[in-house]
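Read the figures in this text as sums done on the coordinates, not as results from a lab. Note that the coordinates shown come from a computational prediction; the quantities given were computed from them, not determined experimentally. Positions of Cβ are generated from backbone atoms using ideal geometry, with glycine treated the same way; all protein chains shown enter the neighbour counts.
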Amino acid sequence: MRRNPKELDVLHRTMSRRAALLGGAQLVFVGALGLRMRYMQVDQADQFRMLAEENRINIRLIPPDRGELFDRNGKIVARNSPSYRIIIVREDAGEVDKVIADLSRLVRLDEEDLNRALTEMRRSAPFLPVTLADQVSWEDISKVAVNAPALPGITPEVGLTRVYPRGADLAHVVGYVGPVSDYDLSQIEDPEPVLRIPRFQIGKVGLEAKREDVLRGFAGAKRVEVNATGRVMRELDRREGVSGADLQLTIDADLQAYVQARLSGESAAAVVMDCETGDLRAICSAPSFDPNLFVRGISVADYRGLTEDPYRPLANKSVQGTYPPGSTFKMITALAALEDGLVGPDDTVWCPGHLEVSGRRFHCWKRAGHGHVDLLNSLKQSCDVYYYDLAMKVGIDKISAMAKRFGIGVRHDLPMSAVAEGLAPDRAWKERVHGDVWRVGDTANASIGQGFMLASPLQLAVMSARIATGRAVAPRLVKSIDGIEEPDGAGEPLGLNENNLRKVRRAMFAVSNDRRGTGYRSRIIEDSMRMAGKTGTSQVRNITKAERAAGVISNADLPWERRDHALFVSFAPVENPRFAVSVIVEHGGGGSTAAAPVARDIMLQALYEGTPPLSAYPTADRSKIKAQQERLHRERPEIGAPVSDRA
């Protein structure tokens, strides 16, 4: 249809206005875009250059070298060792299953390690390395290197791992390290970034865990250039970390080895403590375990073997185990009475074999009784009735206070796992814990180290050292940190009457050196090294009235787990005490037969700083001791061979 000129003129003017508006809008948009581009490329150039640099440069942590551990003589007990491992990068490997199969034909791959690695690969980015095999031999590394072209994504590497050259000897003291777990991270309020490094090792138990703060050190850092996917292209620079501190222990590794060997075959513990400084020269729990098994992750079979052993090798009996101290506690009851002025050393008590207390009969270990006994003879022959009588006079609260004064019922500050407090009960404790009143029968039981009374071998060694010196000697495990000496545990005087302490020491001397003493058969013959001691036997079962009437069943006729614990505490030399020794043999029977001989052998080994001469032993024991020394030397060559005499 033809339009008239007037309509065409109106339409033309309308289109021109629209074109002008559209063109103007486009011009404004292009202008604004140009201004924005200029602002970003010119005015903000420095800021965006910095952001681009930050995206291109990453900071990565370098794990620090862990501090090493030495014994008091400078012998290494925990060190870092080069560890060869084989790693895989999934994105470089291509067909992972095929590459692993090819690798397994060259080197043996542990099934547990392989499953762990596959799980880690599934959770990790494809460009991150994952360890397939750790602590492999140099021969295996060589095979991998030679066949590298046929093993895409596989790389041999060298790193550091923890090694315990003394094996089981110091496992309960030093403990072990292991990779950081999710549980470990959950126990730390603000975990350091270094703890998130794959397979980074931290202390799990023992000294390794308790002194993690000084052993770990501080991480270093390196700047690396990465591409858009995060893969490392090159290293730009690095700042090395600060190694952890080296620790020197108070332990004598050779003496520790001897004690561990001497306890072999028993479920037992022993502690050797320096009476002057409180240094722990040996602190052993048997049986033990090899801590090296835990560093990489122990196998299920090995772990099951440890947990199912009735002798409990994973438990540190020396500090964690608490036991009724039995007759080794009698010195504490005696001192409580002596200090309170309730008894004199010449006062006697009649022992007919029992004592009636509130209508209940408390028996002495000797059924026929000991007759009239004073302080010296009560300890020498370990008369129970004498201490029942003392306890009725002095009361439990004073006995408990004296026990704590001598280190029982006190948690000693040591960097070891699960250090037990033990128990020195009193009236308030029973009311608080059991909601019951303290009874006079409880006091009678506590006076001979039974009932609620509990002590660890460590506490019994502390008790012995304090009796020997009259000072509050405290145990010390770390001698120095990076060469800086730690405070010793010499302690201040206990504030007790020296005459009372002297009477107790004299009685302990009689235990080991008088023919009627319960520890006489395990005496030391060498005059300059005579030992004072006390035997102890703690019951683990109740003896019924019917059994007493028929005759108490001997330990030899009972199942192992129902036999009495055997204990012995000692110090030597009597005139100038150097060492205190405590020994417990779980379910060993009598302290005089099972624990005292072990303590005597350990004491001599400590005093002579090596294998003692046979002349230090009673004549009747020398052939047996020589055979024992020869056996231990064969089994552990680092333990010296027998010697007939010593200059």
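How much length would be gained if the chain were fully extended between Lys626 and Arg234, taking 0.36 nm per residue of separation minus their Cα-Cα distance, in nm to one decimal? Walk me through the numbers on the way to the answer.
Numbers: separation 392, 0.36 × 392 = 141.12 nm, distance 6.57 nm.
Extending this stretch completely gives an extra 134.5 nm.
Using the basic label-point model (7 angstrom from Cα toward the beta carbon), what is the Ser528 to Lys366 distance in nanometres?
Going by the 7 Å Cα→Cβ label model, 3.6 nm.
Applying a 10 Å radius around every beta-carbon, put 261-267, 109-115 in order of their mean neighbour count, most first. The partial results should precede the final answer.
Working: 261-267: 19.3, 109-115: 13.7.
Result, highest mean first: 261-267, 109-115.
Assuming R0 = 45 Å, can you tell me the calculated FRET efficiency for the pair Lys98 and Asn73, based on Cβ-Cβ distance, to the nearest 0.05? Intermediate values should be presented prior to the final figure.
On the way: r = 54 Å, r/R0 = 1.19.
Computed FRET efficiency for Lys98 and Asn73: 0.25.
Only four residue types carry charge here, +1 at the Cβ of Lys and Arg and -1 at the Cβ of Asp and Glu. Report the dipole size of the range 60-249 about the Cα centre in Debye, rounded to the nearest 20. Present the calculation step by step, with values, prior to reporting the outcome.
Working: 28 positive and 31 negative charges, 57 e Å.
About 280 debye.
Could you name the lysines whose alpha carbon sits less than 27 Å from that of Lys98, not counting residues in the same chain fewer than 8 places away?
Cα-Cα hits under 27 Å: Lys143.
Specify, per residue and in Å³, the volume enclosed by the convex hull of the alpha carbon atoms belonging to the range 397-479.
Numbers: hull volume 8.1 nm³, N = 83.
Each residue corresponds to 98 Å³ of Cα convex hull volume.
What is the dipole size for the chain, taken about its Cα centre, with +1 at each Lys and Arg Cβ and -1 at each Asp and Glu Cβ, in debye to the nearest 20?
That gives a dipole near 1140 debye.
Listing Leu376, Leu236 from the residue with the fewest other Cβ atoms within 10 Å to the one with the most, what is the order? Provide the component values of the computation, followed by the final result.
Working: Leu376 19, Leu236 11.
By the 10 Å Cβ count, ascending: Leu236, Leu376.
Taking a cut-off of 19 Å, what percent of all Cα-Cα pairs in the range 109-196 are separated by more than that? Could the numbers behind the result be given before it?
Values: 2312 of 3828 pairs.
Of the Cα pairs, 60 percent sit more than 19 Å apart.
Give me, ordered by chain and number, the residues 5 or more places off Cys351 or on other chains with an amide H under 5 Å from its own placed amide H.
His370, Gly371, His372, Val373
Each residue of the range 171-176 in order: what ³J(HN,Hα) in whole Hz does its phi give by Karplus 6.51 cos²θ - 1.76 cosθ + 1.60, θ = phi - 60°, with x for Gly and Pro?
For the range 171-176, the Karplus-derived couplings read 4, 6, 8, 6, x, 7 Hz, x marking Gly and Pro.
May I ask for the Rg/Rh ratio of the chain, computed from Cα atoms with Rh as the Kirkwood radius, given to two decimals?
On the way: Rg = 36.5 Å, Rh = 29.5 Å.
That ratio equals 1.24.
Determine the calculated [θ] at 222 nm for the chain from helices alone, applying -39500 (n - 2.57) to every DSSP H run no shorter than 4 residues and normalising by the residue count; nearest 500 deg cm²/dmol.
Rounded to the nearest 500, the figure is -10500 deg cm²/dmol.
Kindly rank 453-465, 499-511, 605-617 from highest to lowest mean number of other beta carbons found within 10 Å of each residue.
Numbers: 453-465: 29.4, 499-511: 20.2, 605-617: 18.7.
Result, highest mean Cβ count within 10 Å first: 453-465, 499-511, 605-617.
Rounded to a whole number, what is D in µm²/s for the range 238-336 from Stokes-Einstein with the Kirkwood radius over alpha-carbon pairs (10 °C, 1.306 mPa s)? Kindly include the intermediate steps, with their values, before the conclusion.
Details: Rh = 16.6 Å.
Value of D from the Cα-based Kirkwood radius: 96 µm²/s.
Could you please rank Cys284, Cys383, placing first whichever residue has the fewest other Cβ atoms within 10 Å of its Cβ?
Working: Cys284 32, Cys383 26.
Fewest to most other Cβ atoms nearby, the residues stand as Cys383, Cys284.
Sequence neighbours fewer than 8 away in the same chain don't count; with that in mind, list the aspartates and glutamates whose C-alpha is under 13 Å from Lys210.
Answer for Lys210, where 13 Å is the Cα cut-off: Asp413, listed by chain and number.
With N denoting the number of residues in the range 60-249, provide Rg(C-alpha) divided by 2.2 N^0.38 Å, to two decimal places.
On the way: Rg = 18.1 Å, N = 190, 2.2 N^0.38 = 16.2 Å.
Here the Cα radius of gyration is 1.12 times the empirical estimate.
Using packing as a proxy for protection, rank 317-325, 169-177, 420-428 so that the peptide with the highest average count of other Cβ atoms within 10 Å comes first. Intermediate results must be reported in sequence, preceding the final value.
On the way: 317-325: 24.8, 169-177: 26.6, 420-428: 19.7.
Order by mean packing, descending: 169-177, 317-325, 420-428.
I need the trypsin sites (Lys or Arg not before Pro) found in the range 95-125, filtered to DSSP loop residues with at most 14 other beta carbons within 10 Å of theirs. Before the final figure, lay out each step's value.
Details: sites: Lys98, Arg105, Arg108, Arg116, Arg122, Arg123; in loops: Arg105, Arg108.
Qualifying residues, ordered by number: Arg105, Arg108.
Given Lys398/Lys479; Lys317/Lys624; Lys75/Lys204, which pairs have Cα atoms separated by over 30 Å?
Lys398/Lys479
Can you sort His363, His565 from fewest to most other Cβ atoms within 10 Å of each residue's own Cβ? Display every interim value, and only then the final one.
Details: His363 16, His565 26.
Arranged by neighbour count, lowest to highest, His363, His565 become His363, His565.
Any chance you could give the angle, 0 to 90 degrees and rounded to 10, that helix 5-38 forms with the longest Cα principal axis of the chain?
Rounded to the nearest ten degrees, it is 40.
Considering just Cα atoms, how many Å³ per residue does the convex hull of the range 575-632 enclose? Mind showing how you got there, number by number?
Values: hull volume 6.3 nm³, N = 58.
Output value, Cα hull per residue: 109 Å³.
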